């Protein structure tokens, strides 16, 4: 199969070594285990070869992809759509309207991606049938087990009565594979050592906090980092909220992300990180893998990672694909560097005075209309240039969701733009447009 057109949709010219190994191994074996770190492109690696299995005239769910989180489901759906194939894909996950999902499933998709809990619910309600499904992908399989989805996955796998292909993926080596998966002499594509190759481009640093105020030390560090894209990892969502409150006090633009937020609020935080409206994201390990986020220059372990796997996933957000990055370990008087660290981090000294980072060059415009309303990027760009009097380079990344759209606008232009387009129509319909909060 010629993948050149698909690759051009991603602005790449050739597959990396891991993806090429997938292209060669998956069509030849009914059971494959793919071990590859976050940021290595494994989603495209397993999606490309399954195209060979799809039967164009079969209007049934042919490929089922189970994932541990709604964010990963959304990401895979996005990647598959970007491939530009004629095949339909639907994503199903908690926090999404089940009525919308049921409506979308009236015409069976070729590819169905979703979380085990929601897919099991659709099965029990007879909204989907998997008797014609020939390919099963369990993405981030270890994470699904960790989240307690074993029973749901076993139920779902048992409904797939005509499977020919099974693919398991993980960012770390799998210790145990439950018998219900039914792997027979699997071929293992092993690229988890990739993070070892990245060590030369990942700089490790540690900071010993003076005094009792670890949050204040973080503020000093963020001020020193400036506007480099940064993720701060915490072990508890309450800490995420507390740090966010402190950043708000200093009027430092940022986003925060954890499992207690509504799905749309989590999506908005990632959208703003992707389009440059924020450079700091405060999060739990929910953002350590399985998310579509840009190259991050700095990782801060506000709380120490409890295991080597968690550290690898966190650090995997930076120094990806041979880019450079820095990971900081923030230590208070009772903290000690993890024993599983294989190298001693450099010691970093914090400045005595907080320097507030410069304001971001971009802000995000919210448009209350989206894909389901037939709104396109060209509609939005045309309106912003013609009515908003913006130049092309004053319009940044545009992301269109089902019922909303988000556009990066140069910060110094956004207020005037709002005034100029107030009351304007898109597709002959007046639409609410405002600065995204």
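Any read-out appearing in this document is the output of simple, stated calculations on the displayed coordinates, not a laboratory observation. A quick note: this is a predicted structure, and the numbers were derived from the prediction, not measured. Using ideal geometry, Cβ is built from the backbone for each residue, glycine included, and neighbour counts are taken over all protein chains shown.
A few points about this structure:
- Based on C-alpha pairs under 8 angstrom that are at least 6 apart in sequence, the chain has a relative contact order of 15 percent.
- Paramagnetic label zone (point 7 Å from Cα along Cα-to-C-beta, residue 60; backbone N under 14 Å) in region 156-190: 159-165
- Taking the three principal axes of the alpha carbon atoms in the chain, the coordinate ranges are 64, 61, 41 Å, sorted in descending order.
- Taking other Cβ atoms within 10 Å as a rough exposure proxy, 85, 417 sort from fewest to most as 85, 417.
- Between residue 337 and residue 425, the distance separating the two model label sites (each 7 Å from Cα on the Cα→Cβ line) works out to 6.5 nm.
- Working note: Cα gyration tensor of region 101-157, eigenvalues times five, square-rooted, sorted largest first, giving semi-axes of 20, 12, 10 Å.
- Residues 213, 126, sorted so that the one with the fewest Cβ neighbours within 10 Å comes first: 126, 213
- Beta bridges per DSSP, both residues in the chain: antiparallel share near 25 percent.
- P(r) of region 22-102 over all Cα-Cα pairs, binned every 5 Å from zero, in whole percent: 3, 11, 23, 25, 21, 12, 5, 1
- Ordering 400, 409 by the number of other Cβ atoms within 10 Å of each residue's own Cβ, fewest first, gives 400, 409.
- The share of Cα pairs per 10 Å bin across region 62-124, counted from zero up to the longest distance, runs 23, 61, 16, 0 percent.
- Using 0.36 nm per residue and subtracting the Cα-Cα separation, the extra length available between residue 391 and residue 3 on full extension is 136.2 nm.
- Computed on region 314-437, with alpha-carbon pairs under 8 angstrom and 6+ residues apart, the relative contact order is 27 percent.
- The value for region 349-388 of Rg(Cα) / (2.2 N^0.38 Å) is 2.08.
- Rh (Kirkwood; distinct C-alpha pairs) - region 4-192, Å: 16.6
- Cα-derived Rg over Rh, computed across region 179-276 with Rh taken as Kirkwood radius: 1.10
- Length-normalised contact order for region 91-200 - Cα pairs under 8 Å, 6+ apart - percent: 24
- Percent breakdown of C-alpha pair distances by 10 Å bin, ordered from the shortest bin, for region 362-435: 21, 63, 16, 0
- Size check on region 196-347: the Cα extents along the three principal axes, sorted descending, read 39, 38, 26 Å.
- Only helical runs count toward this figure. For the chain, summing -39,500 (n - 2.57) over DSSP H runs of n ≥ 4 and dividing by all residues gives -9000 deg cm²/dmol at 222 nm.
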